[in-house]
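The structure follows.
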Amino acid sequence: MARAAAEQETPGGGQPVLDRLIALLDLEKIEENIFRGVSPAHSPVRVFGGQVAGQALVAAGRTVPDERRVHSLHAYFIRGGDPSVPIVYEVDRIRDGRSFTTRRVVAIQHGKAIFSLSASFQKDEPGIEHAEEMPAGVPAPETLPTLMERAEGYAIGAHARPRPIDVRYVNEPPWITRETGERPARNQVWMRADGKLPDDQLLHVCVLTYASDMTLLDSVLARHGVYWDTDKVLGASLDHALWFHRPFRADEWFLYDSASPTASGARGLATGRFFAADGTLIATVVQEGLLRVL
């Protein structure tokens, strides 16, 4: 999907922009196992990948009992989505077991699949516990400038537009490091929904899924000193996988720590970890993206 935010422009952002994201994720049920979603009135040429992933997960989750939480998803971006027409989501109820539920979702436009997702849900169960620790020495998000403040004076286009996600860069953003000559091995940002979300655990997971596609491939480009809007970069998400480890609220701060282990063949691989503000590891993500530097 297109490497650009799918939000409609609103000066100041905040709750009004977040409310529009909540509305985007509130799909219309048009038949059993069939849902319909739309894109914002003001959109880039292609549908933002985080949007279609979040909507597909909503479609899957609405066919699953509330007591079963999504613990993983695996998705492929097949074609660029057209933001001018609705997206139809068809849900296949693969399995309903005693502990796990599996769903497959295909997103369709113009009679063709543009995206596919498989998601697994599980009822809460006790078990062994351990987790990696959050990186040390990370400053508190409230002490860091906003994305709009970081973008001031730079031509970074859609990435400076108000978003439903409040993003605070811990390290220098990639559009700055391309000028300073720094080639960071990691990209760290604090994130949270820019307002208040309802107490709906599926919605919080879908908002994090949306946010997970916003800065992940930056960790690939930063290694090479190039950036989306300041260089001739053609990019698109190819596949995306998320594992949700523990409950969280997406309207509370979480640290998104990402890195790129490899890039080759016009593709870049990026991995990321999400930590709650108290240091709890809440999710892990892996994505491969198409990256052509022209």
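Can you confirm whether the range 33-51 contains a residue that is at pLDDT 95 or above and at positive phi?
Yes - at least one qualifying residue is present in the range 33-51.
Now for a different question. Quick check on my filter: what residues within the range 214-262 are part of a loop (DSSP other than H, G, I, E, B), within 13 Å of the chain's Cα centre (by Cα) and small (Gly, Ala, Ser)? If you could, list the steps in order and put the result at the bottom.
Quick first cut of the range 214-262, residues part of a loop (DSSP other than H, G, I, E, B) only: 214-217, 225-232, 245-253.
Then keep just the ones that are within 13 Å of the chain's Cα centre (by Cα); that gives 214-217, 250.
The one that is part of a loop (DSSP other than H, G, I, E, B), within 13 Å of the chain's Cα centre (by Cα) and small (Gly, Ala, Ser): 250.
Determine, yes or no, whether residue 135 is buried (at least 16 other Cβ atoms within 10 Å of the Cβ) and under 27 Å from residue 253 (Cβ atoms).
Details: buried (at least 16 other Cβ atoms within 10 Å of the Cβ): no; under 27 Å from residue 253 (Cβ atoms): yes.
No; evaluated as a whole, the condition is false for this residue.
Applying the selection to the range 230-272, what residues are open to solvent by 50 Å² or more (accessible area, probe 1.4 Å), charged (D, E, K, R) and under 16 Å from residue 131 (Cβ atoms)?
246
Okay, residues lined up against (1) of a type in the set (A, V, I, L, M); (2) open to solvent by 50 Å² or more (accessible area, probe 1.4 Å):
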site	(1), (2)
38	yes, yes
108	yes, no
119	yes, no
129	no, yes
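Against the conditions (1) closer than 20 Å to residue 39 by Cβ; (2) touching a strand residue (DSSP E or B) at 6+ places or on another chain (Cβ under 6 Å); (3) open to solvent by less than 60 Å² (accessible area, probe 1.4 Å); (4) not in a strand (DSSP E or B), where does residue 79 fall short? Just the number, please.
Here residue 79 meets the rest and fails (3).
Within the range 172-187, is there a residue that is touching a strand residue (DSSP E or B) at 6+ places or on another chain (Cβ under 7 Å) and open to solvent by 20 Å² or more (accessible area, probe 1.4 Å)?
Checking the range 172-187: at least one residue is touching a strand residue (DSSP E or B) at 6+ places or on another chain (Cβ under 7 Å) and open to solvent by 20 Å² or more (accessible area, probe 1.4 Å).
Let me ask something else about it. Restricting to the range 263-294, name every residue that is more than 19 Å from the chain's Cα centre (by Cα) and assigned to a strand (DSSP E or B).
Passing the criteria: 263, 264, 292, 293.
Name the one entry in 181, 195, 157 that is more than 21 Å from residue 257 (Cβ to Cβ) and either at pLDDT below 90 or among the hydrophobic types (A, V, I, L, M, F, W, C) (or both). Let's see the steps before the verdict.
Working: 181 fails: either at pLDDT below 90 or among the hydrophobic types (A, V, I, L, M, F, W, C) (or both); 195 fails: either at pLDDT below 90 or among the hydrophobic types (A, V, I, L, M, F, W, C) (or both).
One residue alone meets the criteria, 157.
Here's a follow-up. Can you say whether residue 58 is at pLDDT 95 or above and either under 27 Å from residue 229 (Cα atoms) or more than 17 Å from the chain's Cα centre (by Cα) (or both), as far as the supplied structure shows? Working first, answer last.
Working: at pLDDT 95 or above: yes; either under 27 Å from residue 229 (Cα atoms) or more than 17 Å from the chain's Cα centre (by Cα) (or both): no.
Considered against the rule, which asks whether it is at pLDDT 95 or above and either under 27 Å from residue 229 (Cα atoms) or more than 17 Å from the chain's Cα centre (by Cα) (or both), residue 58 comes out as no.
So which residues in the range 17-32 are outside any helix (DSSP H, G or I), hydrophobic (A, V, I, L, M, F, W, C) and closer than 17 Å to residue 204 by Cβ, if there are any at all?
Taking the range 17-32 and keeping what is outside any helix (DSSP H, G or I), we get 25-32.
Within this subset, residues satisfying the condition of being hydrophobic (A, V, I, L, M, F, W, C) are 25, 27, 30.
Answer for the range 17-32, where residues must be outside any helix (DSSP H, G or I), hydrophobic (A, V, I, L, M, F, W, C) and closer than 17 Å to residue 204 by Cβ: 25, 27.
Then there is this: Got a sec? Which of 14, 80, 37 is closer than 22 Å to residue 167 by Cα and of a type in the set (Gly, Ala, Ser)? Step through it out loud before you land on a result.
Details: 80 fails: closer than 22 Å to residue 167 by Cα; 37 fails: closer than 22 Å to residue 167 by Cα.
Sole residue among the options that is closer than 22 Å to residue 167 by Cα and of a type in the set (Gly, Ala, Ser): 14.
Filter the range 40-71 for residues that are over 17 Å from residue 203 (Cα atoms) and assigned to a loop (DSSP other than H, G, I, E, B) and give the result.
Selection gives 40, 41, 42, 43, 44, 45, 46, 47.
May I pose another question? Working only within the range 1-32, note down all residues that are closer than 27 Å to residue 287 by Cα, at pLDDT 95 or above and among the β-branched types (Val, Ile, Thr).
The answer is 22, and nothing else.
For the range 175-191, does any single residue satisfy the condition of being in contact with a helix residue (DSSP H, G or I) (Cβ under 6 Å, 6 or more places away or on another chain), more than 21 Å from residue 283 (Cβ to Cβ) and assigned to a loop (DSSP other than H, G, I, E, B)?
Scanning the range 175-191 turns up at least one residue that is in contact with a helix residue (DSSP H, G or I) (Cβ under 6 Å, 6 or more places away or on another chain), more than 21 Å from residue 283 (Cβ to Cβ) and assigned to a loop (DSSP other than H, G, I, E, B).
Same structure, new question: Quick test of your reading of the structure: residue 87 fulfils all but one of (1) open to solvent by less than 10 Å² (accessible area, probe 1.4 Å); (2) within 18 Å of residue 205 (Cα to Cα). Name the failing condition by number.
Failed condition: (2).
The values are calculated or read from the model by the stated rules, or taken from the named source; none is laboratory data. Note that the coordinates shown come from a computational prediction; the quantities given were computed from them, not determined experimentally. Virtual Cβ from ideal backbone geometry, glycine too; neighbours counted across all protein chains shown. Just so you know, the surface numbers come from the protein's heavy atoms only, side chains and all, with ligands and any DNA or RNA stripped out. Shrake-Rupley method; radii C 1.70, N 1.55, O 1.52, S 1.80 Å.
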